[in-house]
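First up is the structure itself, then whatever we jot down about it.
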Amino acid sequence: MNRIKKTDFIIIAVVLLLTAIVIASAVVGRERTGEGAGVSAPDKNVTYQDYNGRKIGILTGTNMEAESFRYFPDSKYLYFDGYPNMNAALQTGKIDAYLGDEPALKSIHAEQPQIDYIKERLTNNQYSFAFRKNDKKEKKIRDQLNEFLARCRKDGTLAGIDSIWFGADDSKKVVDMTGLTGENGTLHVVTTSTDEPFSYIKDGKHVGYDIDVTVRFCRAYGYKLQIGDVDFAARIPALASGKYEFTTSMNVTPEREEAVLFSDPVSEGGIVVAVRTSDIAGDNSAAEVGFFEGVRQSFVKNFIREDRYQLILRGIGTTCLITLLSVLAGSVLAFLLCLFRRTDSVLAGKICVLFVRLLQGTPTVVLLMILYYVVFGKSGMGAVWVAIIGFSLNFAAYASEILRSGIDSVDGGQREAALALGFSENQAFFRFIFPQAVCRQLPVYRGEVISLLKSTSVVGYIAIQDLTKMSDIIRSRTYEAFFPLIATAIIYFLLAYIISVTLNAALKAIDPKLRRNRKKRGEAK
């Protein structure tokens, strides 16, 4: 039996390796050659008008949507969460262009020469920190920040910060977190760590233009600082929930001014159009390298540089913690739901059915956001614990149905026989019915646990840096799609495989039939 397991594992490992190599040859080669349909012949003067009618990417939750509709009215629009996803789509030809902030696209071009942007600005924008409206505490902090910005603008501090984070010297891009005394309390700021150069992760720490300004402000006014990390589209809902005093800078628009209170401008920029370098330059800026050398460089870039593998390890730990505790708590709750549904109380049964139907009909990401931003919005409960509660409820709804089906599949005559032999109702259930039900439903239960593991990939919406979120953070720095995504997929597969093997072992340990079969095979040998 052990030899079969080892053989299966070797076969799976070989298949994974071959699959990774095939995908690598397609994706890495495509990324490095800038393959994709261009809009013009090489060296032709390209303007943004040339892209009207083509496929345009839109960054979800930003004002890029309105500007895309305005400048590209005849185009097809595709929506993406974050620059890394749009860059991957652009390089692989799924879109032909997208709108982005000029400072961000400068950083992208420096890291990925295959992506450039048309230098003509579509708009000139101001970027400001945002605070909750109609809140005296936040208005006071906003006024302090405006005072601080005015002083920094006058004495040249802001110009110095500009030169650091919009400059080319990466060694200067460090945020000094010392001196945050906290005598005036703690400020909670929400940001998006895939928004280089404004906010991103470097050497495992939050850095960027906005982070630097925020830390300096907190040091000057005696605050401590806690940083929350969510997708861009979740920033304003996070602010409205009351969990954070303010969010790092965003483009000031009339619609946003209706929802939040903006500070004075922190920086200025504009919206430009990102395109493939080959569309506007006629060639690739990147030097041609061999396939295996390209794979080696990408591996070092994504996992070795800045010790980025540690982000993956931290993400695995968070994912495993949420999965394990959710399964344990959800299983207990599922068992209780099942017991309540077996009682004679009609009310208890209806409440349990309503609970199950409600949870089954609510998407997991929506449930998490309701719990985090509404139910526990002002409780101060950590995001990880909110996720555990959410996944426990969701898992309980499905697991209770699995358990109920397993119990119903046991022949009712066994209960009657147990009662006839003098066993009580509870003894008949726990000694005869329930053990058989567990053996029958464990294979389906295993699939539900694996499904829960994969579902945890959405916790980035509520400021949790799990495995998937860490992969996004790495991609936001390297702007390469292949290695972080393939590594994440393989890790999820291995975690699911471990769960499957563990629960299979548990099934063999508790199922009398499997134990007898195993014993017979041992005697036959």
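Between residue 360 and residue 342, with labels modelled 7 Å along Cα→Cβ, what's the label distance in nm to one decimal, could you check?
Spacing of the two 7 Å Cα→Cβ label points: 1.9 nm.
Output wanted: per-residue J couplings in Hz (rounded whole) for segment 389-405, from phi through Karplus 6.51 cos²θ - 1.76 cosθ + 1.60, θ = phi - 60°, x for Gly and Pro.
So the Karplus estimates, Gly and Pro as x, are 4, x, 6, 5, 4, 5, 5, 4, 4, 6, 5, 5, 5, 5, 5, 4, 5 Hz.
Which value, in Å² and to the nearest 10, is the accessible area of residue 292 when all protein chains are kept and the probe is 1.4 Å?
Probe radius 1.4 Å; accessible area of residue 292 about 150 Å².
Could you calculate the FRET efficiency of residue 154 with residue 120 from 1/(1 + (r/R0)^6), where r is the beta carbon distance between them and R0 is 30 Å, rounded to 0.05?
It comes to 0.40.
For segment 117-155, list residues with backbone N below 18 Å from a point placed 7 Å from the Cα of residue 66 toward its Cβ?
Once the point is set 7 Å along Cα→Cβ of residue 66, 122-131 turn out to lie under 18 Å by backbone N, inside segment 117-155.
Which value, in Å², gives the accessible area per residue of segment 203-352 when a 1.4 Å probe is used on the protein heavy atoms?
Value returned for segment 203-352: 43 Å² of accessible area per residue.
Can you tell me how segment 221-341 classifies by the Cα gyration tensor, rounded, prolate or oblate, using a/c under 1.5 as the rounded cut? Mind dumping the intermediate values first?
On the way: a/c = 2.29, a/b = 1.22, b/c = 1.88.
Oblate.
What are the residues whose amide H is under 5 Å from the amide H of residue 260, where those residues sit 5 or more places off or on another chain and H is modelled from the backbone?
Residues meeting the criterion, in which the H sits 1.01 Å from N, do not exist here.
For the chain, which whole percent of the accessible surface, found with a 1.4 angstrom probe, sits on carbon and sulfur atoms?
Looking at the chain in its full context, I get 59 percent from C and S.
Report, for the chain, the % of DSSP beta bridges that are antiparallel, rounded to 5.
Approximately 60 percent, going by the DSSP bridge assignments.
For a quick check: with amide H placed at 1.01 Å from N, whose amide H comes under 5 Å from residue 187's, ignoring anything fewer than 5 positions away on the same chain?
224, 225, 226
Which of 202/469; 202/454; 205/301; 137/224; 119/173; 106/469 have a Cα-Cα distance over 19 Å?
On the way: 202/469 15 Å; 202/454 27 Å; 205/301 17 Å; 137/224 16 Å; 119/173 25 Å; 106/469 23 Å.
In this structure, 202/454; 119/173; 106/469 exceed 19 Å between Cα atoms.
From the phi angles alone, apply the Karplus equation (6.51, -1.76, 1.60; θ = phi - 60°) to segment 470-475 and give each ³J(HN,Hα) in whole Hz, x where the residue is Gly or Pro.
5, 4, 4, 5, 4, 5
Could you work out how far helix 512-524 tilts from the main Cα principal axis of the chain, as a 0 to 90 degree angle to the nearest 10?
Relative to the chain, helix 512-524 is tipped by roughly 80 degrees.
Compute the separation of the alpha-carbon centres of segment 345-418 and segment 74-136 and state it in Å as a whole number.
Computed from Cα coordinates, the inter-centre distance equals 40 Å.
By accessible area of protein heavy atoms, probe 1.4 Å, what ranking do 65, 138, 147 get, highest first?
147, 65, 138
Using amide H atoms built in the peptide plane, which far-off residues or other-chain residues are under 5 Å from residue 267 H to H?
Here the answer is 127, since their amide H atoms fall under 5 Å of that of residue 267.
Sum -39500 (n - 2.57) across every DSSP H segment of at least 4 residues in the chain, then divide by the residue count to get the 222 nm mean residue ellipticity, nearest 500.
Mean residue ellipticity at 222 nm (helix-derived): -18500 deg cm²/dmol.
Can you tell me the length gained on complete extension of the stretch residue 309 to residue 54, counting 0.36 nm per residue apart and subtracting the Cα distance? Walk me through the numbers on the way to the answer.
Numbers: separation 255, 0.36 × 255 = 91.80 nm, distance 3.77 nm.
Answer, rounded to one decimal: 88.0 nm.
Just need the Rg to Rh number for the chain, please, alpha carbons only, Kirkwood Rh.
1.05
Can you tell me, using C-alpha contacts under 8 Å and at least 6 residues apart, the relative contact order of segment 283-414 as a whole percent? Each step should come with its number before you reach the end.
Numbers: 81 pairs, mean separation 44.9, N = 132.
Taking the mean separation of contacting Cα pairs over the length of segment 283-414, I get 34 percent.
Can you list the HN-Hα couplings for segment 502-508, worked out from phi with the Karplus curve (6.51, -1.76, 1.60; θ = phi - 60°), rounded to whole Hz and with x for Gly and Pro?
Coupling constants for segment 502-508: 5, 6, 5, 5, 5, 5, 5 Hz.
The values are calculated or read from the model by the stated rules, or taken from the named source; none is laboratory data. Owing to the predicted nature of the structure, the values given are computational and were not obtained by experimental measurement. All Cβ positions, glycine included, derive from the backbone under ideal geometry; neighbour counts span all protein chains shown. Surface accessibility is based on the protein's heavy atoms, side chains included, excluding ligands, DNA and RNA. Shrake-Rupley method; radii C 1.70, N 1.55, O 1.52, S 1.80 Å.
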